[in-house]
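Visitor: Have a look at the structure that comes next, please.
The values are calculated or read from the model by the stated rules, or taken from the named source; none is laboratory data. The shown structure was predicted, so the numbers you read here are calculated from the model rather than taken from an experiment. Neighbour counts are summed over all protein chains in view; Cβ atoms, including those assigned to glycine, are modelled from backbone coordinates with ideal geometry. Calculation scope for accessible area: heavy atoms of the full protein, side chains included, ligands and nucleic acids excluded. Shrake-Rupley method; radii C 1.70, N 1.55, O 1.52, S 1.80 Å.
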Amino acid sequence: MDGCDTAHCAWLEPVREAYQRSPLTMKTLSPRLHIATSKISELLSGRLYPRWELLQALAAELSLPAGPLYRLWRQAAPDIRRKSRSWQEQPPVAVAVRPAPPMDHTAFRALTEAGYDFYASVFLPDPQRDAAVRDTYDQLWLSWNKALASADTRRHAWEVLRTSVMSRTPHIDGRPQFTHAAFDTVALRDLSGPEQIEAATAQLTETEALFRAMSRLPGHQLDVVVLRSLGGIAMKQVSDLLGLPLATVRSDERHATRFLDSILCSDSPPDPEGNPS
């Protein structure tokens, strides 16, 4: 799948996995789909971005739910097929089969969605936040058995969410840029009135500096700080969301705090691993 972007891979990987698990071959699929084996190969390798009718037919053969697959396919299609404006402007097609997600998937979503929404909101404005979280649960639905078979379903799901969020987040030198979230902190929302402009400006400058420093943190430490410091989420709940032991969450928070202090409170050079110098 070399050359596929994140949105394309979001639906392609579950389709490939379903094909590899199935007893079907390209030769047996070819007459059923009314398409040459070479085209099936191109689709599964990511070299061909298919029309929905073809992908829907393949999904039916592989017993994949059409609803989440269609949403992920549609999400990626405008970027992949940008050369064809008429193709992009087609109205959404009707998805004939809309099975409900597995009950345990629904229960998992109920337990995690608030935390996922908050995490995504730190990095993304509302429309992109909603898309990132929606795509996460659609990807999990398509490959739910894989998630259940992983070492920790919570950890597996968090990595899917993180990939979905970070693929939409602007990066500079490999670091996520989310200073826009500085404008929506609790401290700033509590400031109002012209007499507090100076205080608001000072608070904004301080918050932007913090967020720039946070962008240097390693992935796990950044996630812990976002959930704990910005979200005020309890340690046990963070452990549950990330699928990490409590001891690991505590350690990540401790190292991240030391690292941030080294940047914000001193002139000493930061340790790139997130540990104090």
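Visitor: Looking only at segment 138-176, which residues are polar (S, T, N, Q) and not in a helix (DSSP H, G or I)?
Guide: Correct list: Ser143, Ser150, Ser167, Thr169.
Visitor: Note down all Cβ pairs under 6 Å where the first residue falls in segment 50-62 and is of a type outside the set (S, T, N, Q), the second is part of a loop (DSSP other than H, G, I, E, B), and they're at least six residues apart or on different chains.
Guide: Correct list of pairs: Trp52/Val93; Leu62/Ser22.
Visitor: May I pose another question? Based on what the data block shows, is Ser268 assigned to a loop (DSSP other than H, G, I, E, B), open to solvent by less than 50 Å² (accessible area, probe 1.4 Å) and at pLDDT below 80?
Guide: Taking the combined requirement at face value, the residue satisfies it.
Visitor: Still on this structure, please answer the following. Determine which single condition Lys39 fails, assuming it passes every other condition in (1) closer than 21 Å to Trp141 by Cα; (2) open to solvent by 60 Å² or more (accessible area, probe 1.4 Å).
Guide: (1)
Visitor: While we're on this one: How about segment 1-24: which of its residues are open to solvent by 60 Å² or more (accessible area, probe 1.4 Å) and either farther than 24 Å from Ala157 by Cβ or part of a helix (DSSP H, G or I) (or both)?
Guide: Asp2, Gly3, Thr6, Glu13, Arg16, Gln20, Arg21, Pro23
Visitor: Can you find a residue in segment 198-221 that is modelled with pLDDT of 90 or more and polar (S, T, N, Q)?
Guide: Yes, there is a match, as at least one residue in segment 198-221 is modelled with pLDDT of 90 or more and polar (S, T, N, Q).
Visitor: While we're here: Across segment 219-237, what is the total count of residues that are without any contact (Cβ under 8 Å) to a residue 60 or more places away in the chain and assigned to a helix (DSSP H, G or I)?
Guide: Counting residues in segment 219-237 that are without any contact (Cβ under 8 Å) to a residue 60 or more places away in the chain and assigned to a helix (DSSP H, G or I) gives 10.
Visitor: Could you grab me the full set of residues in segment 25-46 that are without any contact (Cβ under 8 Å) to a residue 24 or more places away in the chain and not in a helix (DSSP H, G or I)?
Guide: Thr25, His34, Ile35, Ala36
Visitor: When segment 226-239 is examined, which residues are found to be under 18 Å from Leu260 (Cβ atoms) and either open to solvent by less than 10 Å² (accessible area, probe 1.4 Å) or polar (S, T, N, Q) (or both)?
Guide: Val226, Leu227, Ser229, Val238
Visitor: Could you please find all residues in segment 42-69 being touching an Asp or Glu at 6+ places or on another chain (Cβ under 6 Å) and open to solvent by less than 30 Å² (accessible area, probe 1.4 Å)?
Guide: Listed by number, the list holds a single entry, Pro68.
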